[in-house]
Amino acid sequence: MPFDASPTPLIDGFGRPVTYLRLSVTDRCDLRCRYCMPERMKFLPKKHILSLEEMARIAGLFIHHGVCKIRLTGGEPLVREGVISLIEALGQHVDSGALDELCLTTNGTLLARHAEGLIAAGVRRVNVSLDTLDAARYRHVTRLGDLDRVLEGLEAAQATGLKIKLNAVASRGAFEEELDDLIRFAHRRGMDLTLIEEMPLGDTGRDRDANFLPLWQLRRELEKRWTLDPVPLSTGGPARFVQIRETGGRLGFITPMSCNFCALCNRVRLSATGKLYPCMGHEGASDLRAALAGGDAEVMRAIRHTIARKPERHDMVGNSGQSQGLARHMSELGG
Ligand code: SAM
Ligand code: SF4
């Protein structure tokens with residue numbers, strides 16, 4: 001049981017309420033996407049990773065203090081052994097009404113196996129990362145992936161009633177040509193599609209600036225072929241949506257590099273090792289794992305300390321317009 005009966009909400013130094021926790025359940029993954037990690041990725045020793053019980057305990061404290069949305073991410077969350085038991089524990093907060101939403105971001109390779117378990121545990125929405133429908137290019141981008149497994153996962157998930165959104169990282173090259181197919185594929189199946197600008201997180205061995213495709217440029221190209229009607233829908237998140245008149249489906253743009261959206265940020269991120277990051281685009285974090293030994297009051301002190309220091313905005317783009325990288329890989333913290 002959390003220690004204070006009348007908890008005060010979590011508000012940062014700029015008056016932004018923190019109501020959304022992204023929880024990375026593992027840094028490990030069964031794929032090696034080129035924009036995310038190098039081929040020979042060195043994962044963290046397992047002894048540094050929080051137990052599922054510790055994750056549930058920390059998440060429970062956040063919920064008690066007003067967090068109403070949790071997204072599990074990674075690495076690949078579904079490769080963590082026993083992850084469904086964590087999802088079931090968090091699902092109880094959905095049943096009690098304390099949590100409005102429990103969702104997941106996954107590469108989809110294990111979705112067919114887990115779709116039933118996810119919906120039974122209280123998950124209603126899943127984001128699936130899929131950058132291409134070309135099997136050879138999918139293998140190239142992910143280095144290890146099998147497109148058919150993801151397509152089976154999508155089908156299985158939709159059959160259970162899970163609502164799916166697709167995420168695609170934009171990169172210069174074949175992506176521009178394949179995007180129309182991806183739009184048709186998603187919208188025919190009733191899925192939104194969100195495009196994400198590549199961020200310079202961690203050394204992946206690739207030239208970030210050469211691959212970078214600003215979404216304002218892509219959007220200009222799309223407007224030559226599709227009618228994009230702005231949608232006033234706000235998910236409280238960074239995506240800005242349009243509706244494509246020809247398909248009736250929605251297309252989102254996440255533009256951390258070309259158009260900063262930090263003023264609306266309502267989230268913090270917990271790494272699999274228990275580090276709480278107030279901002280994905282900064283290195284600053286505090287160690288909740290160390291605080292766990294001091295009890296819930298100590299953990300809450302560390303959480304409030306971190307949130308009070310949440311920066312006004314990320315600084316992944318320098319004054320010159322060049323991208324400024326961070327040493328931490330995306331898989332350490334989740335997208
Ligand atoms: N493994 C899961 C997946 O791929 O969906 C969850 C973790 S992954 C790090 C979360 C999201 O981050 C994915 O949509 C992925 O495409 C995106 N991503 C990874 N590296 C990125 C980068 N450098 N810039 C922008 N998005 C990135
Ligand atoms: Fe794995 Fe997701 Fe990173 Fe791809 S983007 S390597 S699936 S963690």
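Observations
- Number of residues in segment 193-220 that are crowded, with 17+ Cβ neighbours inside 10 Å and small (Gly, Ala, Ser): the value is 1.
- Residue within segment 125-143 that is of a type in the set (Gly, Ala, Ser) and surrounded by fewer than 18 Cβ atoms within 10 Å (Cβ to Cβ) present: yes
- Leading residue by the ranking (farthest from ligand 1 (Cβ to nearest atom)) among those in segment 114-124 that are buried (at least 18 other Cβ atoms within 10 Å of the Cβ) and either charged (D, E, K, R) or part of a helix (DSSP H, G or I) (or both): ALA121
- For ARG220, the requirement of being more than 15 Å from GLY248 (Cα to Cα), among the charged types (D, E, K, R) and without any contact (Cβ under 8 Å) to a residue 24 or more places away in the chain is met.
- Any hit, segment 78-91, residues being away from ligand 1 (no atom under 15 Å from the Cβ), at pLDDT 95 or above, closer than 27 Å to ARG304 by Cα and not aliphatic (A, V, I, L, M): yes
- Number of positions in segment 22-53 that are in contact with a Lys or Arg (Cβ under 7 Å, 6 or more places away or on another chain) and away from ligand 2 (no atom under 16 Å from the Cβ): 1
- In the set (1) at positive phi; (2) exposed (fewer than 15 other Cβ atoms within 10 Å of the Cβ); (3) within 15 Å of ligand 2 (Cβ to nearest atom), the condition left unmet by GLY190 is number (3).
- Residue that is farthest from the chain's Cα centre (by Cα) [pool: residues in segment 125-138 that are within 13 Å of ARG34 (Cβ to Cβ) and part of a loop (DSSP other than H, G, I, E, B)]: THR132
- Among the candidates LEU166, LEU182, the residue that is at pLDDT 95 or above, surrounded by 15 or more Cβ atoms within 10 Å (Cβ to Cβ) and within 16 Å of ligand 2 (Cβ to nearest atom) is uniquely LEU166.
- Wholly enclosed strands (runs of 3 or more DSSP E) of segment 147-237 bearing at least 2 residues hydrophobic (A, V, I, L, M, F, W, C): 163-170, 192-197
- Residue in segment 57-70 that is within 16 Å of ligand 1 (Cβ to nearest atom), touching a helix residue (DSSP H, G or I) at 6+ places or on another chain (Cβ under 9 Å) and not β-branched (Val, Ile, Thr) present: no
The values are calculated or read from the model by the stated rules, or taken from the named source; none is laboratory data. Just so you know, these numbers come straight off a predicted model, no measurement behind them. We place every Cβ from the backbone using ideal geometry, glycine too, and count neighbours over all the protein chains shown.
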